[in-house]
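Peer 1: What follows is a single structure, and I will ask about it in a moment.
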Amino acid sequence: MSRLLFTGGKVVTAEGSFKADVLVEDEKVVAIGTDLQANGAETVDASGKLVMPGFIDAHTHMDMPFGGTVTADDWATGTEAAAAGGTTMIIDFALQEEGGTLGGAIEEWTNKASGKAVIDYGFHVAITDLRDDIKSELPSIAEKGVASVKIFMAYKGTPLYTEDEDLFEALQLSKEAGVLVLVHAENGDAIAKLQEQALSRGDTAPRFHALTRPEAVEAEATNRAIRLAEVAGAPILVVHVSCAGALEAIHLAHERGQTVYGETCPQYFAFSYDDLAREGFEGAKYVCSPPLRDESNRPALWNGLRFGDLQIFGSDHCSFNYEGQKEMGRDDFTKIPNGLPGAEERAMTLWTLGVREGKLTENQFVAVLSTNQARIYGAYPRKGALFPGADADIVLWDPELRTTASVENRHGNVDYTPYEGREFHGGPASVYVRGNLVFKDGEVVAERGSGRFIERSFVAPGLEVGV
Ligand code: URP
Ligand code: ZN
Ligand code: ZN
């Protein structure tokens with residue numbers, strides 16, 4: 001039996017912070033208290049560190065076909081990058097392929113992950129074709145431990161795009177099946193028309209990606225999705241909220257008493273439209289959807305995290321190389337694959353810009369990176385918690401660690417980083433998954449394939465607004 005005793009650290013959970021030791025036996029936390037005795041356990045000196053539950057990133061795209069190519073990170077390099085950022089579990093999007101089933105997507109993603117993942121994982125299924133047989137199949141995914149689906153209102157002209165009729169029925173069916181619906185809320189029809197008009201004017205540069213996806217198309221779709229969920233009587237989760245207008249729709253729903261969850265992402269705090277408008281074709285490195293916004297949106301997004309309208313901080317890690325992938329859109333911004341790497345930088349961005357700047361407490365930091373995600377996505381209390389019986393997923397966070405991001409020191413498989421030269425103040429010193437060391441002093445030490453599939457079950461609304 002392996003035993004570890006973390007001594008002298010400050011335990012930081014979503015609920016509070018206190019000085020305590022943490023005893024781990026095999027894969028579980030077995031005790032938290034002051035002056036715990038080692039009794040033969042290996043001692044880990046956590047003094048000067050914050051002892052936090054492992055972070056969960058419920059928004060990643062590993063080894064996923066998108067925009068005529070496949071994301072640069074597979075399940076080995078993608079989960080290594082995540083581990084290097086303090087993440088001990090991801091929930092990735094398994095895509096239903098054209099003509100395929102939901103079970104087929106889960107099977108395909110299981111094959112992609114197995115033998116490669118270095119941290120634990122789960123799946124959401126992205127429904128792309130709600131045929132009659134898929135409607136009948138939907139309840140069976142909950143039995144497979146996959147408690148959430150994603151519907152795309154954007155990306156018209158691709159198999160991902162979903163009409164309101166199907167979104168609405170997916171909400172109704174998911175409610176019955178005990179499955180949470182996640183929505184990518186942007187008005188696909190308006191975007192398609194704006195893109196067509198931009199291209200016909202010869203506006204082909206990367207910045208037109210943002211100019212053809214204005215804030216109002218996100219706000220409109222967010223409101224529409226929320227109202228459809230209201231009619232269906234179903235909870236809903238809006239992913240990658242990027243602007244004040246979309247957040248306002250969520251806030252108003254909370255004022256009405258509706259169960260709506262919201263996620264935002266590091267790129268909306270670290271970057272802005274100005275990055276998309278960089279010289280030459282550099283802006284392609286910053287193409288993601290919803291697009292990077294004007295900085296004036298940031299105070300609202302911080303308040304969303306702080307006061308609970310947004311409960312989740314996910315990376316939306318969707319990496320493409322500059323060479324050969326982002327370059328596909330050199331003459332036409334609509335052909336630039338959408339997405340940025342960010343799994344490694346997620347927590348460091350939130351700490352540096354959020355906690356150090358006094359916008360969030362260390363407890364809110366843990367809530368939005370870990371505990372809320374476990375609760376909302378149905379992995380709690382096994383994940384997202386530090387108390388006896390929980391998995392020993394532990395981050396020793398060094399609030400004083402200083403690092404500078406560079407493509408040379410990244411752990412993923414991407415030929416650039418949008419964070420090049422960015423200085424972080426605070427980061428993970430070491431990371432444990434079920435009591436096993438996976439990352440220490442800048443190095444991933446986990447064995448590929450050691451990550452495990454975690455079954456989740458969505459327990460309809462428990463965590464409402466707030467943390
Ligand atoms: O640009 C993004 N976000 N790419 C990933 C796919 C998605 O919409 O989440
Ligand atoms: Zn999306
Ligand atoms: Zn995404």
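Peer 1: Going through the range 9-18 one residue at a time, which ones are part of a loop (DSSP other than H, G, I, E, B) and open to solvent by 30 Å² or more (accessible area, probe 1.4 Å)?
Peer 2: We begin by selecting, within the range 9-18, every residue part of a loop (DSSP other than H, G, I, E, B); these are 9, 13-16.
Within the range 9-18, GLU15 is the sole residue that qualifies.
Peer 1: Can you confirm whether GLU408 is closer than 19 Å to GLY78 by Cα and either among the aliphatic types (A, V, I, L, M) or free of Cβ contacts under 8 Å to residues at least 12 places away in the same chain (or both)? Spell out how you get there, then give the answer.
Peer 2: Details: closer than 19 Å to GLY78 by Cα: yes; either among the aliphatic types (A, V, I, L, M) or free of Cβ contacts under 8 Å to residues at least 12 places away in the same chain (or both): yes.
Yes: the conditions hold for GLU408.
Peer 1: Got at least one residue in the range 19-29 being within 16 Å of ligand 2 (Cβ to nearest atom), within 27 Å of PHE453 (Cβ to Cβ), among the acidic types (Asp, Glu) and part of a strand (DSSP E or B)? Spell out how you get there, then give the answer.
Peer 2: Step one: filter the range 19-29 for residues within 16 Å of ligand 2 (Cβ to nearest atom), giving none.
Looking for residues that are within 16 Å of ligand 2 (Cβ to nearest atom), within 27 Å of PHE453 (Cβ to Cβ), among the acidic types (Asp, Glu) and part of a strand (DSSP E or B), one finds none in the range 19-29, hence no.
Peer 1: Within the range 140-166, which residues are closer than 16 Å to SER289 by Cα, away from ligand 2 (no atom under 13 Å from the Cβ) and crowded, with 24+ Cβ neighbours inside 10 Å?
Peer 2: Within the range 140-166, none qualify.
Peer 1: Of everything in the range 19-70, what is open to solvent by 20 Å² or more (accessible area, probe 1.4 Å), among the hydrophobic types (A, V, I, L, M, F, W, C) and under 27 Å from SER148 (Cβ atoms)? Give them in sequence order.
Peer 2: PHE66, VAL70, listed by residue number.
Peer 1: Identify the residue in the range 318-364 that is among the hydroxyl-bearing types (Ser, Thr, Tyr) and in a helix (DSSP H, G or I) and, among all such residues, is most open to solvent (accessible area, probe 1.4 Å). Full working, then the answer.
Peer 2: Of all residues in the range 318-364, those among the hydroxyl-bearing types (Ser, Thr, Tyr) come to 319, 322, 334, 349, 352, 361.
Among the residues that remain, those that are also in a helix (DSSP H, G or I) are: 334, 349, 352.
Numbers: THR334: 56, THR349: 3, THR352: 23 Å².
Looking at the filtered set, the residue picked out is THR334.
Yes/no per residue for (1) within 16 Å of ligand 2 (Cβ to nearest atom); (2) touching a Leu at 6+ places or on another chain (Cβ under 8 Å); (3) of a type in the set (A, V, I, L, M, F, W, C):
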| residue | (1), (2), (3) |
| --- | --- |
| LEU350 | no, yes, yes |
| ARG375 | no, yes, no |
| ALA385 | no, no, yes |
| ALA390 | no, no, yes |
| ASP393 | no, no, no |
| PRO399 | no, yes, no |
| ARG402 | no, no, no |
| SER406 | no, no, no |
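Peer 1: Another one. Name every residue in the range 93-105 that is more than 16 Å from the chain's Cα centre (by Cα) and not aliphatic (A, V, I, L, M), in order of residue number.
Peer 2: GLN96, GLU97, GLU98, GLY99, GLY100, THR101, GLY103, GLY104
Peer 1: Further, regarding this structure: Pairs please, first residue from the range 337-365 and touching a residue at least 24 places away in the same chain (Cβ under 8 Å), second anywhere and open to solvent by 30 Å² or more (accessible area, probe 1.4 Å) and of a type in the set (Lys, Arg), Cβ atoms under 8 Å, 6+ apart in sequence or on different chains.
Peer 2: Cβ pairs passing all conditions: LEU340/LYS285; PRO341/ARG410; GLU344/ARG410; GLU345/ARG422; LEU353/LYS359; LYS359/ARG306; LEU360/ARG306; GLN364/ARG306.
Peer 1: Next question, about the same structure. Are there any pairs, at least 6 apart or on different chains, whose C-beta atoms fall under 6 Å, with the first in the range 313-332 and at positive phi and of a type outside the set (Ser, Thr, Tyr) and the second open to solvent by less than 20 Å² (accessible area, probe 1.4 Å) and within 14 Å of ligand 2 (Cβ to nearest atom), and if so, which?
Peer 2: ASP316/HIS59; ASP316/HIS240; ASP316/CYS265
Peer 1: Given the structure, is SER272 away from ligand 3 (no atom under 16 Å from the Cβ), surrounded by fewer than 24 Cβ atoms within 10 Å (Cβ to Cβ), within 30 Å of GLU323 (Cβ to Cβ) and under 21 Å from the mean Cα position of the chain (by Cα)? Explain how you work it out, then say what you get.
Peer 2: Numbers: away from ligand 3 (no atom under 16 Å from the Cβ): yes; surrounded by fewer than 24 Cβ atoms within 10 Å (Cβ to Cβ): yes; within 30 Å of GLU323 (Cβ to Cβ): yes; under 21 Å from the mean Cα position of the chain (by Cα): yes.
Judged against the criteria, SER272 is a match.
Peer 1: When the residues of the range 320-343 are narrowed to those that are under 21 Å from THR79 (Cβ atoms) and aliphatic (A, V, I, L, M), which ends up nearest to ligand 2 (Cβ to nearest atom)? Before you say what the answer is, go through the steps one by one.
Peer 2: Taking the range 320-343 first, the residues under 21 Å from THR79 (Cβ atoms) are 320-321, 325, 337, 339-343.
Adding the requirement that they be aliphatic (A, V, I, L, M) leaves 340, 343.
Working: LEU340: 12, ALA343: 15 Å.
Once the filter is applied, the top-ranked residue is LEU340.
Peer 1: Give just the number: which of (1) more than 30 Å from GLU400 (Cβ to Cβ); (2) away from ligand 3 (no atom under 14 Å from the Cβ) does GLU345 not satisfy?
Peer 2: (1)
Peer 1: How many residues are within 23 Å of ILE236 (Cα to Cα), within 21 Å of the chain's Cα centre (by Cα) and open to solvent by 10 Å² or more (accessible area, probe 1.4 Å) when one looks only at the range 106-139?
Peer 2: So the answer is 3.
Peer 1: Which of the residues that make up the range 44-73 are more than 16 Å from ligand 1 (Cβ to nearest atom) and of a type in the set (Asp, Glu)?
Peer 2: Going residue by residue through the range 44-73, those that are more than 16 Å from ligand 1 (Cβ to nearest atom) are 44-56.
Result: ASP45, single match.
Peer 1: In the range 306-317, is there at least one residue being in contact with a Leu (Cβ under 8 Å, 6 or more places away or on another chain), in a loop (DSSP other than H, G, I, E, B), farther than 29 Å from ILE236 by Cβ and open to solvent by 10 Å² or more (accessible area, probe 1.4 Å)?
Peer 2: no
Peer 1: Now for a different question. If I ask for residues that are part of a helix (DSSP H, G or I) and within 24 Å of the chain's Cα centre (by Cα), which ones from the range 140-167 would you list?
Peer 2: So in the range 140-167, the residues part of a helix (DSSP H, G or I) come out as 140-143, 164-167.
Those that are part of a helix (DSSP H, G or I) and within 24 Å of the chain's Cα centre (by Cα): ILE141, ALA142, GLU143, LEU167.
Peer 1: Which is within 15 Å of the chain's Cα centre (by Cα) and away from ligand 1 (no atom under 16 Å from the Cβ), of ALA374, ALA343, ALA392?
Peer 2: On the way: ALA343 fails: away from ligand 1 (no atom under 16 Å from the Cβ); ALA392 fails: within 15 Å of the chain's Cα centre (by Cα).
Just one listed residue meets the conditions, ALA374.
The values are calculated or read from the model by the stated rules, or taken from the named source; none is laboratory data. Bear in mind that the values here come from a model prediction, so they are computed numbers and not experimental data. Don't worry about glycine lacking a Cβ; one is built from the backbone with ideal geometry, like all the others, and counts go over all protein chains shown. These accessible areas exclude ligands, DNA and RNA; they are computed on the full protein's heavy atoms, side chains included. Shrake-Rupley method; radii C 1.70, N 1.55, O 1.52, S 1.80 Å.
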